[in-house]
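First up is the structure itself, then whatever we jot down about it.
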Amino acid sequence: MKDNTTINILFIEDSFFEIELIQEMLSTSKMFVFSLQSANSIRDGLHLLHTQRFELILLDLNLPDSDPEISFQVIKKYSHGIPIIVLTGYDDKEFALKTIQAGAQDYLIKGQINVTMLLNSVRYAIERHRLQYEITQSKRHLEKILNSLELCVFMIDSESKQIIECNDAATKIFGYGREELIGNTEAFLFGTPVEYSSFSPPYNTTMYSDAFSLQELLMRRKDASLFPVSRSITPFQDDTGTVRSWLCVISDISEQKTLERQLIQAQKMEAIGALAGGIAHDFNNILFPIMGYTQILMAETQRESDSYRNLQEILIGAERARDLIKQILTFSRQSDAQKKPLKIQLIIKEALKLIRSSIPSTIIIRQSINNQCSAVLADPTQIHQVLMNLCTNAYHAMEATGGTLEVRLNEITLEGDSLKVHLGDLPPGRYVQLSVSDTGHGIPQPLIHRIFDPYFTTKEEGRGSGLGLSVVHGIVKQHGGAIRLYSELHKGTVFHVYFPLIERESKEINAVTEEIIYTGTEHILLVDDDLHVLQMVKKMLEKLGYQITERSSSLEAYEAFVHDLDKYDLIITDMTMPNMTGEQLAKKILELKPDMSIIICTGFSERFNEEKIKKLGIKASVMKPIIRSELSKVIRNVIDAKTTQEQ
């Protein structure tokens, strides 16, 4: 089959007869179409090579401007890789061999060749050149592909065990230059000699095991830092099955390992959240009777007596325990933050008492709190959490050497250039500024921009989750504020937190609320599987004038209700109970009597929100442990609302 592509040939020959003869021989080809252009000297030939494109050069060595030993070298130098066939009358076997060794495709003697010899020589020269070009192009494409990869690729010789090729990623990942890698063995890239002996295959010519196909190990960069990698090794075999070389592909999995650690930490936090819900339920059931009986005793005790004041302190302690449970639930995302007008100086003073008892005396605590600071709209538990996290970080920075922890609180006006430069994300206005400073080791400048990233920590393993400042940053943003830090190595760090002041101070902030107790005479079905809680609430409600029927089982409560559908004016049920939950009990009761008034009590509200309450037809919910005045108010509101509807 004939290739219709024209093949341009340069024939450097000073004999017109020889040119005509070769032209005639080439024209007989049934495979190629040739276009022959001649030059009668080396000089003319070089000019044509410079100005035109050829696929083959036929070269006579006896030319007027050159001698045989120089002609080939000159043309080869400027041929740009074009194949050369020597066609000459210079019949010297030793010289012919030297010319072939120097790169000539063939050495033909004039007068000793025929058409077949010439065409075969030309065809082989062209095909070899085309094949070599394709190989060269394929190699270049492969190099481009390999160098575009982010994976490190090594080719390792089976006999010498040395690296014989590598891509650009190898130099970037390991930090060595190409010349430093090639010719070396892999041993110097391993983290330890033990790892090299454990993870390195024999790299011989016959043995291969799948055990080396995919590994995770530590390797070492030029700066001596260790990093985790995933490494796969593939043998390259010849036709006899002999392994000539090995392809080693290495991936830096530092980021993957970091993400794995973060996932594990997130799963731990999720487990803590689930555990917090259970703790909240059990702990609230413990607190509920303490608070309830304390309030019952307070109602029976003279306000001016020492006993009343002692009971009041018990109640305050129980309420602090209740707030602690709320903080746990907020942290585990099972409870929504409840913002209200708040003077945060009161929270700060209370938190500092706790901090003082939990850090060593080598750290001095100083405070400068402006008691006249106006109120902010904030969740007290989250403000407490912000201060605790900032103070804990300060303590860790000074743990080894001791130092001074200072907490300051002031009102500040943010406006003008200062606001634009330092706090451009805040609107102008009045803010409360909370500052927490330490005299610890400080934070290096390159790390400051990462300090609020989740899971980022400068502490050694086991000393921190890397979540503290991230949580602080999130809380501050939720409150419409901002946080900034300034740090100098070996001098210390200061965090400034800004919360916007509310325009009008709510009267409820400073008001001493009178405890209002609502009473009644209605009949209530009370359901709780905890007998201590059940008896306490029964006694509390009976003292308020209500008739109480109590049941410690939701199944028994349902039977009691079914026995007389019109006996009860209200049902108060716990949420978490065996056999039948409070939610299930409410559904079954409302199926029988849709207008029945039901109040749900729960220790945590992750799965039970206002929207769900309304959808079920439940009138209200209360969070355990609830105080007497709140419970009496909720009961009265629910009962009175039904009475109003009936009228």
What does the highest-first list of 377-384, 482-489 look like by mean Cβ count within 10 Å? 377-384, 482-489
Proximal aspartates and glutamates to LYS588, defined as alpha-carbon separation beneath 14 angstrom and excluding residues fewer than eight positions away on the same chain: GLU556, GLU559
Which entries in the list LYS343/LYS538; LYS340/LYS593; LYS477/LYS624; LYS343/LYS615; LYS477/LYS642; LYS353/LYS612 go over 31 Å, if you measure between the two C-alpha atoms of each? LYS343/LYS538; LYS340/LYS593; LYS343/LYS615; LYS477/LYS642; LYS353/LYS612
Could you work out Rg/(2.2 N^0.38 Å) for region 21-89, with Rg from alpha carbons only? 1.12
Peptides 537-543, 19-25: what's the order by average Cβ count within 10 Å, highest mean first? 537-543, 19-25
Report the local net charge at LEU405: Lys and Arg +1, Asp and Glu -1, summed over other residues whose C-beta lies under 14 Å from its C-beta. +1
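Percent of Cα-Cα pairs more than 31 Å apart in the chain, please.
72 percent
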From the backbone phi of region 315-320, what are the Karplus-calculated ³J(HN,Hα) couplings (6.51 cos²θ - 1.76 cosθ + 1.60, θ = phi - 60°) in whole Hz, Gly and Pro given as x? 5, 4, x, 5, 5, 5
Restricting the count to DSSP beta bridges whose residues both fall in the chain, what percent are antiparallel, rounded to a multiple of 5? 55 percent
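Got a number for carbon plus sulfur as a percent of the chain's accessible area, 1.4 Å probe?
That fraction is 51 percent.
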Cα long-axis angle, helix 68-77 against the chain (0 to 90 degrees, to the nearest 10): 20 degrees
Summing -39500 (n - 2.57) over every DSSP H run of at least 4 residues in the chain and dividing by its residue count gives a helix-only mean residue ellipticity at 222 nm, to the nearest 500 deg cm²/dmol, of -14000 deg cm²/dmol
Ranked highest first by average number of other Cβ atoms within 10 Å, how do 183-191, 342-350, 7-15 line up? 7-15, 342-350, 183-191
Around ARG221: net Lys/Arg minus Asp/Glu count, Cβ-Cβ under 13 Å: 0
If Lys and Arg each add +1 and Asp and Glu each add -1, what is the summed charge of the other residues whose beta carbon sits under 11 Å from the beta carbon of ASP168? +1
Lysines near LYS139 by alpha-carbon distance under 27 Å, same-chain residues fewer than 8 away left out - which ones? LYS76, LYS77, LYS161, LYS172
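The values are calculated or read from the model by the stated rules, or taken from the named source; none is laboratory data. Quick caveat, the model's predicted, so the values are computed rather than measured. Cβ sites come from the backbone with ideal geometry, for glycine too, and all protein chains shown count toward neighbours. Heads up: the accessible areas ignore ligands, DNA and RNA and are worked out on the full protein's heavy atoms, side chains in. Shrake-Rupley method; radii C 1.70, N 1.55, O 1.52, S 1.80 Å.
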